[in-house]
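J.: Can you keep this structure in mind? I'll have questions shortly.
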Amino acid sequence: MVLQGIDFYRIIFEHPMMGIKMLNSIGAVQNVWLNQNSKYLKDLVQWGETARRRAITDELTGLYNRNFLEESIKDRFITGAVGTRKMSLVMMDLDKVHAINERYGQAGGDKVIIAVAEVLKSMGRPGDIAARLSGDEFAILLPDTSGSDAVTAADKIREKIAVQKVILNRLGTNEADELLIKSSMGVSAAPEHADNVRDLEFTADMALKKAKEKGRNRVELYSSS
């Protein structure tokens, strides 16, 4: 129903009780409309926040993903923060994780990865960025940290991971095993070893490769020699 303003006021003047009922009805309709729009806006905000989290985090572990890590490193190079302030990158692989997947299945491998992610979350400092790159590959960005200090921090993380006990069920049996997780890490620092994202990742990967060649379950700092 549509009323002209003058007709509405005439009803209120000539039939006040009817006018009050109409005002109450209009108020009720407006409240319903406002509640519906408020819920819609709330849902929209929640959807946006969920989409944002999915864009920057790894679904399995809740750590940041590779894109967010690389953008964070890139921002520091672009803004010129690197040079006046140091930055280190730790690349990490879990040792012999393929054997774990073969014996305990993907669910077992995922359980190990989640356990490692929880260690990274618990040992991170404010400002550090721990990310899952893919599979059993992780990385940690340590702002305002020299290469030698990053090695010390990474070794503490490696030691913490090494004492984590994970119970996994063997595929096709009712038997379970208690596993200790081992990891290898490589460290590179900027501006000492790199002045861009690609070189920082490359040198950290080279250091990680050296850690594996030296027997795994260790941390190595990049060296050009």
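J.: Take the residues in the stretch 92-113 that are surrounded by 16 or more Cβ atoms within 10 Å (Cβ to Cβ) and among the aliphatic types (A, V, I, L, M), then tell me which one is modelled with the lowest pLDDT.
T.: Checked the stretch 92-113; the qualifying residue modelled with the lowest pLDDT is Val97.
J.: Of the residues in the stretch 160-200, how many are hydroxyl-bearing (Ser, Thr, Tyr) and without any contact (Cβ under 8 Å) to a residue 60 or more places away in the chain?
T.: 1
J.: Going by the conditions given, is Ser148 under 17 Å from Ala189 (Cβ atoms), open to solvent by 10 Å² or more (accessible area, probe 1.4 Å) and either assigned to a helix (DSSP H, G or I) or touching a Cys at 6+ places or on another chain (Cβ under 7 Å) (or both)?
T.: It is true that Ser148 is under 17 Å from Ala189 (Cβ atoms), open to solvent by 10 Å² or more (accessible area, probe 1.4 Å) and either assigned to a helix (DSSP H, G or I) or touching a Cys at 6+ places or on another chain (Cβ under 7 Å) (or both).
J.: Taking the conditions exactly as written (under 20 Å from Ser88 (Cα atoms), open to solvent by less than 30 Å² (accessible area, probe 1.4 Å), outside any helix (DSSP H, G or I) and small (Gly, Ala, Ser)), does Ala131 satisfy them or not?
T.: yes
J.: Follow-up question, since we're still on this one. Look at Lys212 and say whether it is outside any strand (DSSP E or B), within 16 Å of Glu137 (Cβ to Cβ) and among the basic types (Lys, Arg).
T.: yes
J.: Evaluate the following for Asn67: is it assigned to a helix (DSSP H, G or I) and in contact with a Gly (Cβ under 6 Å, 6 or more places away or on another chain)?
T.: no
J.: If I filter the stretch 168-177 for residues that are at pLDDT 95 or above, within 28 Å of Glu59 (Cα to Cα) and out of contact with any Gly (no Cβ under 6 Å at 6 or more places or on another chain), do I get at least one hit?
T.: no
J.: Give me the residue from the stretch 87-128 that is among the small types (Gly, Ala, Ser) and assigned to a loop (DSSP other than H, G, I, E, B) and, out of that set, nearest to Ile56 (Cα to Cα). Walk me through it before giving the result.
T.: From the stretch 87-128, those among the small types (Gly, Ala, Ser) are 88, 99, 105, 107-109, 115, 117, 122, 124, 127; that's our starting set.
Now narrow it down to the ones that are assigned to a loop (DSSP other than H, G, I, E, B): 124, 127.
Numbers: Gly124: 18, Gly127: 16 Å.
This residue is Gly127.
The values are calculated or read from the model by the stated rules, or taken from the named source; none is laboratory data. If you're wondering where the values come from, they're calculated on a predicted model, not measured in any experiment. Here Cβ is always computed from backbone atoms with ideal geometry, including for glycine, and neighbour counts include all displayed protein chains. The area values use the complete protein model at the heavy-atom level, side chains included, leaving out ligands, DNA and RNA. Shrake-Rupley method; radii C 1.70, N 1.55, O 1.52, S 1.80 Å.
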